[in-house]
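**Student:** Attaching a single structure in structure tokens format; questions to follow.
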Amino acid sequence: MDSHYKFNRELNQVLFEGESFFRKVILNRPDKLNSLNYEMISQMLKNLRDFEIDPSVKLVILKANGNAFSVGGDLVASFGFLTTGHWSFGARFVKKQLNLDYLIATYRKPVIPLIDGIVMGGGAGLSLHGKFRIVTEKAVFSMPEASIGHFPDVGASHFLSRLPGHFGEYLGLTGARLNGAEMLACGLATHFVESKDLPLLENALQALISSEEISINEVINKFSQQPRIKEDNIYNRLDMVDRYFSKDTVEEILHALEEEAKNKAENWIIMAMKSMKSASPTSLKITLRSIIEGRMQTLKQYFCKPKWEPSKLELVSKEMVDHCFAGIDDDDWKYLKLPCSRSNRLEELLKPKL
């Protein structure tokens, strides 16, 4: 009974509902804050691909059960695989996750995320690339990757780099949190709807005879509001944010914050400085560079364009090359064994002819 229950529970980590022209994709791992594991990503990738080519499906609603939309990838599971020697799993997980994010970002049909809780990391990658991005008063956004030795991926350098001024650098380097009203103000969200009105919005969307974007916009606008943000809100300090976070290096940004902190600085400056000082230095530098370069790249370039590192021949050391020829002691990766017949044939061709 227990194993059967666990099996069904694993299968139901993502629910797929709906009929006629609409489908619902519902993250259903509330006890784990809808953190995304390999199974969830695989199921969404398969079903969303099917929905996209199904002519009867015109509209997809993306939502979640529980208090979180999604806090991102399941780091506990990923680290568990890494520490037990299954490092190749991590590569497959990231590859599949990026494929899913890019599919949603470029979906040929309207995808409408309903963000009614915490959205971080991989959860933002699922929901913040499309034409529609609906948040509520319960929404909380953050990209805290630098604080755990990672950096904002899942296309984050694309949407962060397109925020007003250098607000994206501020969010990426400090991991600062925004509520739904603030997400709307800075452009991370396109609509703000009160949480209690989401069921009504869903019903209205499902009642649409067609899914023309103008009709979808009209329906959403009927439930949308323009919430006010406090006058001392960080977004109303965008000129100050730009002053500090427009620097070319992390060192310069941190130095500017430290100098300001000597003069009874506002609390957000103190918090930004503390957050950066406690984060991974390498992660901070990668984050800043990715956001700066993201301004010059399309979404496709972010997901698909190779970035060579090192970028020049003279920067490639002998040790780097030697590392590529070192053996790998891992059951998941085997040396390529060529067919004997082809090997013998090669030896014949290479024999000196008398």
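**Student:** Are there any pairs, at least 6 apart or on different chains, whose C-beta atoms fall under 9 Å, with the first in segment 255-278 and more than 26 Å from His150 (Cα to Cα) and open to solvent by less than 60 Å² (accessible area, probe 1.4 Å) and the second modelled with pLDDT under 90 and among the charged types (D, E, K, R), and if so, which?
**Tutor:** The qualifying pairs are Glu260/Glu266.
**Student:** Could you say which residue among Ser127, Ser88, Ser147 is among the polar types (S, T, N, Q), touching a strand residue (DSSP E or B) at 6+ places or on another chain (Cβ under 6 Å) and either modelled with pLDDT under 95 or buried (at least 22 other Cβ atoms within 10 Å of the Cβ) (or both)? Show your work before the answer.
**Tutor:** On the way: Ser88 fails: touching a strand residue (DSSP E or B) at 6+ places or on another chain (Cβ under 6 Å); Ser147 fails: touching a strand residue (DSSP E or B) at 6+ places or on another chain (Cβ under 6 Å).
Matching residue, one of Ser127, Ser88, Ser147: Ser127.
**Student:** Across segment 10-21, which residue is modelled with the lowest pLDDT among those that are open to solvent by 30 Å² or more (accessible area, probe 1.4 Å) and on the phi < 0 side of the Ramachandran plot? Walk me through how you get there before you give the answer.
**Tutor:** Initial filter on segment 10-21 (open to solvent by 30 Å² or more (accessible area, probe 1.4 Å)): 10-12, 15-20.
Add one more test, that the residue is on the phi < 0 side of the Ramachandran plot, and what stays is 10-12, 15-17, 19.
On the way: Glu10: 62, Leu11: 70, Asn12: 90, Leu15: 97, Phe16: 97, Glu17: 94, Glu19: 79.
It comes out as Glu10.
**Student:** Here is a list of conditions, (1) touching a Leu at 6+ places or on another chain (Cβ under 8 Å); (2) closer than 20 Å to Arg23 by Cβ, and Gly187 meets all of them except one; can you say which number that is?
**Tutor:** For Gly187, the exception is condition (2).
**Student:** Oh, and also: For segment 144-203, give me every one of the helices (runs of 4 or more DSSP H) that falls completely inside it and has 1 or more residues that are closer than 17 Å to Ser275 by Cβ and among the small types (Gly, Ala, Ser). Show your work before the answer.
**Tutor:** Details: elements: 156-161, 167-174, 180-186.
It comes to 156-161, 167-174.
**Student:** Related question: Report the residue count in segment 22-74 for those that are in contact with a helix residue (DSSP H, G or I) (Cβ under 9 Å, 6 or more places away or on another chain), among the basic types (Lys, Arg), open to solvent by 50 Å² or more (accessible area, probe 1.4 Å) and over 18 Å from Asp101 (Cα atoms).
**Tutor:** Matching residues across segment 22-74 total 1.
**Student:** Another question, if that's okay. Regarding segment 209-219, can at least one residue be identified that is in contact (Cβ under 8 Å) with a residue 24 or more places away in the chain, farther than 26 Å from Gly122 by Cα and over 26 Å from the mean Cα position of the chain (by Cα)?
**Tutor:** Yes, segment 209-219 contains a residue that is in contact (Cβ under 8 Å) with a residue 24 or more places away in the chain, farther than 26 Å from Gly122 by Cα and over 26 Å from the mean Cα position of the chain (by Cα).
**Student:** Let me ask something else. Are any of the residues in segment 178-201 farther than 23 Å from Ser224 by Cβ and open to solvent by 10 Å² or more (accessible area, probe 1.4 Å)? Walk me through how you get there before you give the answer.
**Tutor:** If we filter segment 178-201 for residues that are farther than 23 Å from Ser224 by Cβ, which is where we start, we get none.
No, there is no match, as no residue in segment 178-201 is farther than 23 Å from Ser224 by Cβ and open to solvent by 10 Å² or more (accessible area, probe 1.4 Å).
**Student:** In this structure, is Gly172 open to solvent by less than 10 Å² (accessible area, probe 1.4 Å) and in contact with a Ser or Thr (Cβ under 8 Å, 6 or more places away or on another chain)? Reasoning before the result, please.
**Tutor:** Values: open to solvent by less than 10 Å² (accessible area, probe 1.4 Å): yes; in contact with a Ser or Thr (Cβ under 8 Å, 6 or more places away or on another chain): yes.
In short, yes.
**Student:** Would you say Phe21 is within 24 Å of Ala204 (Cα to Cα) and out of contact with any Ser or Thr (no Cβ under 7 Å at 6 or more places or on another chain)? Spell out the reasoning first.
**Tutor:** Numbers: within 24 Å of Ala204 (Cα to Cα): yes; out of contact with any Ser or Thr (no Cβ under 7 Å at 6 or more places or on another chain): no.
No, not satisfied.
**Student:** Restricting to segment 115-124, count the residues that are open to solvent by less than 10 Å² (accessible area, probe 1.4 Å) and either in a loop (DSSP other than H, G, I, E, B) or at negative phi (or both).
**Tutor:** Within segment 115-124, the first condition is being open to solvent by less than 10 Å² (accessible area, probe 1.4 Å), and the residues that meet it are 115, 117, 119, 121-124.
Adding the requirement that they be either in a loop (DSSP other than H, G, I, E, B) or at negative phi (or both) leaves 115, 117, 119, 122-124.
Residues in segment 115-124 being open to solvent by less than 10 Å² (accessible area, probe 1.4 Å) and either in a loop (DSSP other than H, G, I, E, B) or at negative phi (or both): 6 in total.
**Student:** Can you tell me how many residues in segment 225-254 are closer than 18 Å to Leu160 by Cβ and either assigned to a loop (DSSP other than H, G, I, E, B) or open to solvent by 100 Å² or more (accessible area, probe 1.4 Å) (or both)?
**Tutor:** Looking only at that region, the number is 4.
**Student:** Output the residue which, of all residues in segment 279-296 that are open to solvent by 30 Å² or more (accessible area, probe 1.4 Å) and part of a helix (DSSP H, G or I), is nearest to Ser161 (Cα to Cα).
**Tutor:** Per the criteria, the residue is Ile292.
The values are calculated or read from the model by the stated rules, or taken from the named source; none is laboratory data. As the structure is a computational prediction, the values presented were derived from the model and not from experiment. Don't worry about glycine lacking a Cβ; one is built from the backbone with ideal geometry, like all the others, and counts go over all protein chains shown. With ligands, DNA and RNA removed, areas are computed over all heavy atoms of the protein, side chains included. Shrake-Rupley method; radii C 1.70, N 1.55, O 1.52, S 1.80 Å.
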